[in-house]
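The values are calculated or read from the model by the stated rules, or taken from the named source; none is laboratory data. Everything quoted here is computed from the prediction, not taken from an experiment. All Cβ positions, glycine included, derive from the backbone under ideal geometry; neighbour counts span all protein chains shown.
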Amino acid sequence: MTGEQIVFLVVALFTLGSGFMVVTTRNLVHAALWLVSTLFGVAVTYAVLDAAFLAVVQVVVYIGAIAILFIFAVMLTRKDVRDQGPQMNKNWWFGALLAVMTFGGLYFLLQGWSGLSKTAAAIPAGFDAVAELGNELVSPAAYVLPFEVASVLLVAALVGAVYVAFNPRSGK
Amino acid sequence: MTTETLIWLIPLPPVLAFFLIVLLTNKSKWLSHTVGVGAAFLSWLASMIVFFRAVSVEHLGEHPFESSINWLPTGNSWFEIGVLIDPVGAAVLFFVSITIFMIFLYSVGYHNFGQPAGDHDRAGLPPHGATVEEHGHKHVVPSVEPMYSRFFAFLGLFAFGMYVLVVSDNLLTMFVGWEIMGLCSYLLIGFWYGKESARNAAIKAFMTTRVGDVFMLLGIAFLYSATGTLTFREIFTEETLHMLAGHTTFFGMTVSGFIALLLFIGTIGKSAQWPLHVWLPDAMEGPTPVSAMIHAATMVSAGVYAVIRMFPLLTADMHGHGLTVTMSIVAFIGAFTALFAATIAVAQNDIKRVLAYSTISQLGYMIAAIGIGAYVAAAFHLITHAFFKALLFLGSGSVIHGMEHGVLHTGNHKVDPQDMYNMGGLRKKMPITFWTFLIGGFALSGFPLVTAGFWSKDEILADAFGHGHWAVFITLAVAAFLTAFYTMRQITLTFLGEPRTEEAKHAQETPWTMTTPLVVLSFFAVTYGWVGIPEHFPLLGGLVPNWFHDFVGHTLAEVPETPEFSWIPLLTSLVVALGGLTLGWLYYRNVKSVSEDKLQIPLLKNKYYFDEAYDFLFVKPAYWFAENVVYKLLDQRLIDGILHISGPTTGGIGKFVREKFDLPFINELVGDGSANVTYWFGGKLRAVQTGRVQQYLMLALVTFIVIGVALYFFVLS
Amino acid sequence: MVPLSWYLIFAAALFSLGLFGVLSRRNAVAILLGIELMLNAVNINLAAFWRYGNVMDMAGQVFAIIVFAVAAAEVSVGLALVISVYRRRNTVVADEIDMMKW
Amino acid sequence: MSFWNDPLKVAADWLLGVFTGWGMPEMAANILIGFLGVLLLITVLMVLDIFLVWIERKVVARFQDRLGPNRVGPFGLIQPFADIIKLIIKEDTTPGGADKVVYNIAPMLSMMSVLILWAIVPLAPTILGVDLNIGALYLIAAGAIGTLSIIMAGWSSNNKFALIGAFRQVAVMVSFEVPMLTMLLIPTIFAGSMGMSTIIEKQDVWYVFLAPLAAVIFLIAAIAELGRAPFDMAEGESELVSGFNIEYSGMKFGMFYAGELLHAFTFGGFLAILFFGGYRFFGLEQVSPFLAIAVIVFKAFIGYWIIMWVKYTLLRIRIDHMLAFNWKFLTPLAFSLLMVVALMNALLANAPIWLYISGMFLSNVAVAWAALEIARSVSRREREKVEGPKQVVEVGH
């Protein structure tokens, strides 16, 4: 077992453990904080995959914005935070069954796939993934259209979120 | 840019201006007139370039500028549209572009741009003037037209129509331009739609020209069915014309003659020839000089232009010098209109109506010239007439504008600023207007040698004489005498002598935007005649080459021969012009008021009772027919009767079907039955719709997994 | 070296965890948390396929970034909806937000 | 290659020799050396931090016409050590009902978010942690962790004031990240890279001369990010007692406090790197890496001093004004500046250098002037809405 595999296993176990805590912990703020740690694990996974840009963006967007947003939302709907009632609905066992089945199915399908044991080729020297990514995102021959559509989507979501969450009574 | 591309582009700026003004700039008067005048300028510029390139081409007649594109698929071929500039087209484009540009420029001043908004002006009525306070005392100044921008938009559309008509190479697009102008004519006559008279005049103009247009459309359709094309240069080939001339159709006329007649009826409507002349005098209800000028210089010329274009059709079945049936009709209508309108003009007091009848009369001249085969002379007169008649109309507009100034000054709104008997002595108040009007009037009368009108009119008379059409010659000569007479009457009453009213004393010269076009046009009214001096004219002949005859004469394959020079027509035109002018001055010099005018004969004053006659002959019967036959008989008796019978019958059948079939079978068994079944199933199944999103998701997932598993095991493996 | 299968199985496990959260949690905010886990699992797959496929072809990273954008949009609108519902109905329990039944 | 030219590499090579000489595998030795390097950096930073306390107190005293610490040691230099001893021996309280784990993690995260920033700070051409090619984004990412630490502290304290303070601070930080990130893109445009060392190497002309407005906006956003006056409503002594760290005592409070000071100094450093040429000073950095370090520390101290100057000069702004200022003024301004700069950069790509510099500078001035004019007219309209149109009093008639 090489060092890289050890790193991967540690990160994966940490991430999955945190993910498990996200879906099971009773305290929702804790769940959100566990989410942060899961997301951090995923960021490390990106770093291991040589996708440094994704790793940093993961931290900026997910931890810096989305996780904070979650914590805000949990606190704003605070009545339920300290609910002593169950945090799982009564069909939770069925959900668990379905999740296990999904995992089993995916695992089963992956077993039958030939490219599974592929290993990564070394990144060619002098290849700047970030520069290449930037070029492709704004190049008309590549992904400028999805990029622009995503930006429109973000604006729409921004406006929509403000509108939906706007409280006409208080005007704030 | 190639000349062909340029020709395609000529009509575009005005129509763009129309849309720009209507859609975007209509709130800003300044922007609107800038856009409008700018567009007119661009078109003028392009037209000038095209004109001078056309002039510099040798044998333009054989090799005109033309270009066409496929437009409509017709079965297995295409209907083509395109542009064509041949000598006639170039000559017409020359004066059309100048006059249109001048109209635009003149309108800025005429609609009082830069003046304050009126005190109680309303859209749809002419402006009444605004009160301003200056240096402590109030006075009334002209106010700006409330629908200023709209006016420029209409003018733009009008210019588009005219350019399309001039540059098109086929009858259909020409007809499109023709109809656009018809619409604009309607819109502009009824521009002050708040006035009932303007509304009626607009409807009258539209309806009257419609009569002609229907016949024209019939002619176009006939032509298309006979030849399969509407492109001029394809129709006017030897074979086609020969084929058309060789067959006879209704009334024993040849096909070509009959088509030409139908197309000519369109011209009768557009160029206001007898018997469809009644709309033109009423069209003077539009904003005074501008739309009047459209109806004098530009649009009505389109009718003559169309006939000139159709000239080969007209003469297709001509043998030797004898006139064909169609040509005789054309010549008769032209000559008759020339004389007939001139007599009416003598008794009119409204400064614009005199000019309107004069226009009808002059157009009759051209039509008569075409009727006797002198189409070059007709084209020449068309152009000179356009210049001096535009000049006269703009001059009259300037006079009216000056008079309105006087009216505003005195505040007496009962005084009609258009009545010549309210004027007099204006030459001192409005010198530029006077001198330009004088030039225009002399040109109209055919004042010898210096004015353009003399040369063109003389050429028509010479042609009529030279080809031995005596009746036409005499009629036109008399008409020319009357023309000179009423022109001098108008000048004398308006400008000479002493002011007859207080308002005339306070008339004022108009702004530069109005006088500049006058000066420009008067320049052409004098000089344009010099391009067409016949070679054999004593003394002057040959000094200047007879360029116009050379140029336009080569439009068609065979150049019409110039008749031998003769002293008789020359002397005739000298005598009638000078005689008419002198007599007019002598007689009206001393006339002080309407009652002293001996020529106010009721018959002439009332225009031979044509309006009344048409009212009695067509309008009243039409009303009667609509009321009694269509409404009372057809609608009430016949159609309502049928309805009254069929109604209860269908009702009965319907009731039977309903009771015996619908209610028991469809409703209870099929309708209620299926609803009941659905309801029952819905009741059983609604437990699934819990409204809980997670259960939906679970259900979806279960389905997904089941389908996936099934696919995997039964399909993929 | 780490074979591709490890990443894919890791992502599948994370996805299933998220799915379990979505299916089982009562709190609407917690459901959204589960959705985030699933989106992250997808992103891991995208990044892994990029790394293990042709590195020159940036499609994997590009779509991971698009997923970031979509996730941000989804969270902002989703949480706005939750807050709005909380204001009106005074609850964030998904099972109680069932006005649309029948 | 002597120690004076490339100290880090010489030291690392020497240590590698020593460790492998002890029989350690090479990889483990490298990891250990890296660890030692980090430890060294952190130690230096923490010592520096201690003196920052002294500097801050001295400077504020001067601003407020006092003497500051002057009893313990020469010029009161020992005073911070006395403070630390006090903090360490203080009772470490944890409020009842607090979420203990989160409560204890928060100060560590706060300190960490500052320390990890130094991983990308190039102290000299050869002395830097990592030359990350997405350094600018990394800066924001670290800021995100700082945000997280504050909200964790505020929430876990089980205290109204703490929570409100955390909310405010987080709202401010999240908001001001937008103009800050936008302004980070401007040196990126100039240098063509997000990497800090590339940005410094490309800075033949300090970017502050190319984009002075960007430097100003970055400074404002940085101050807001720090939560220092005039943007310190998270602490807001008069309303919230002490904001998110109200329940913390002893060394945990000390970590928040030290973190804030170090953070301010760090942003002074980033201001120097991004806009003032980093370690470059008329070729001085070529002479010796130690001179380069001296240059960048000096520049960072100037930035830090400006931040202190602002803090002790201006009054606190109300939270809604502050957010409105960000969203309605600073963010649009930053976006338009970014567009203008990107446009000018494309237009002047082939222009001579003097034209490039003057064009950039003038476009910045133009944008600033336009923004101020718009703000002025808007505020005049607002004022007139409240007060009615201004009465012009004519004098002298």
**Report entry** Unmet criterion (only one of (1) at negative phi; (2) in contact with a Leu (Cβ under 9 Å, 6 or more places away or on another chain); (3) surrounded by 24 or more Cβ atoms within 10 Å (Cβ to Cβ)) for B:Ala272
**Finding:** (1)
Query raised in the report: Do the conditions hold for D:Ile85, that is, is it in a helix (DSSP H, G or I) and surrounded by 14 or more Cβ atoms within 10 Å (Cβ to Cβ)?
Result: no
Query - Given (1) touching a residue at least 24 places away in the same chain (Cβ under 8 Å); (2) more than 7 Å from chain A (Cβ to nearest Cβ); (3) surrounded by 23 or more Cβ atoms within 10 Å (Cβ to Cβ), index of the condition C:Val22 fails - result: (1)
Requested in this report: Within segment D:9-33, track down each residue that is more than 14 Å from every other protein chain (Cβ to nearest Cβ), assigned to a helix (DSSP H, G or I) and of a type outside the set (A, V, I, L, M).
Outcome: D:Lys9, D:Asp13, D:Trp14, D:Gly17, D:Phe19, D:Thr20, D:Gly21
Query - Meets criteria (touching a residue at least 24 places away in the same chain (Cβ under 8 Å), away from chain B (no Cβ under 14 Å) and outside any loop (DSSP other than H, G, I, E, B)) for C:Leu32 - result: no
Report task. For B:Val108, state whether it is hydrophobic (A, V, I, L, M, F, W, C), part of a strand (DSSP E or B) and over 22 Å from B:Ser68 (Cβ atoms). Result -> no
Query raised in the report: Which members of segment A:92-114 meet the condition of being facing another protein chain (nearest Cβ under 7 Å) and under 22 Å from A:Leu49 (Cα atoms)?
Result: A:Leu106, A:Tyr107, A:Leu110
Report task. Tell me which of these A:Phe40 doesn't satisfy, since it passes every other one: (1) surrounded by 21 or more Cβ atoms within 10 Å (Cβ to Cβ); (2) at the interface with another protein chain (Cβ under 7 Å from one of its Cβ atoms). Result -> (2)
Query raised in the report: Any idea how many residues of segment A:159-169 are at pLDDT 85 or above and at the interface with chain C (Cβ under 7 Å from one of its Cβ atoms)?
Result: 2
Report summary line: Those residues of segment B:54-84 that are under 14 Å from B:Gly228 (Cβ atoms) and part of a loop (DSSP other than H, G, I, E, B) come to a total of 2
Query - Selected residue (criterion: farthest from the other protein chains (Cβ to nearest Cβ)) from residues of segment C:35-59 that are assigned to a helix (DSSP H, G or I) and over 17 Å from the mean Cα position of the chain (by Cα) - result: C:Phe49
Query raised in the report: Which residue pairs have Cβ atoms under 6 Å apart, sit 6 or more places apart or on different chains, and have a first residue in segment C:1-18 that is facing chain A (nearest Cβ under 7 Å) and a second that is part of a loop (DSSP other than H, G, I, E, B)?
Result: C:Met1/A:Thr119; C:Pro3/A:Thr119; C:Leu4/A:Lys118
Requested in this report: Could you list all residues from segment A:125-150 that are under 25 Å from C:Ile66 (Cβ atoms), more than 7 Å from chain C (Cβ to nearest Cβ) and part of a loop (DSSP other than H, G, I, E, B)?
Outcome: A:Asp128, A:Ser139, A:Pro140, A:Ala141, A:Ala142
Query raised in the report: Would it be correct to say that D:Asn158 is under 22 Å from A:Ala55 (Cβ atoms), surrounded by fewer than 22 Cβ atoms within 10 Å (Cβ to Cβ) and at pLDDT below 85?
Result: no
Report summary line: Over segment B:465-509, the set of residues in a helix (DSSP H, G or I), more than 23 Å from B:Tyr587 (Cβ to Cβ) and touching a Ser or Thr at 6+ places or on another chain (Cβ under 7 Å) is B:Phe465, B:Gly466, B:Glu502, B:Glu503
Query raised in the report: For residues in segment B:218-230 being buried (at least 19 other Cβ atoms within 10 Å of the Cβ) and modelled with pLDDT of 85 or more, which is farthest from B:Pro73 (Cα to Cα)?
Result: B:Gly219
Query - So B:Met299, is it of a type outside the set (Asp, Glu), surrounded by fewer than 24 Cβ atoms within 10 Å (Cβ to Cβ) and either assigned to a loop (DSSP other than H, G, I, E, B) or not assigned by TED's automatic domain parsing to the domain that holds B:Pro73 (or both) - result: no
Query - Near pairs, Cβ below 9 angstrom, 6+ apart or cross-chain, from segment D:277-297 (over 21 Å from D:Val205 (Cβ atoms)) to any residue that is acidic (Asp, Glu) and assigned to a loop (DSSP other than H, G, I, E, B) - result: D:Pro289/D:Asp6
Report task. Report yes if some residue within segment D:152-159 is more than 13 Å from every other protein chain (Cβ to nearest Cβ), in a helix (DSSP H, G or I) and among the hydroxyl-bearing types (Ser, Thr, Tyr); otherwise report no. Result -> no
Report task. Determine if segment C:77-96 includes at least one residue that is in a helix (DSSP H, G or I), of a type in the set (Asp, Glu), within 30 Å of A:Lys90 (Cα to Cα) and modelled with pLDDT of 85 or more. Result -> no
Query raised in the report: Regarding A:Leu35, is this residue of a type outside the set (Gly, Ala, Ser), facing chain C (nearest Cβ under 9 Å), surrounded by 15 or more Cβ atoms within 10 Å (Cβ to Cβ) and within 25 Å of A:Gly134 (Cβ to Cβ)?
Result: no
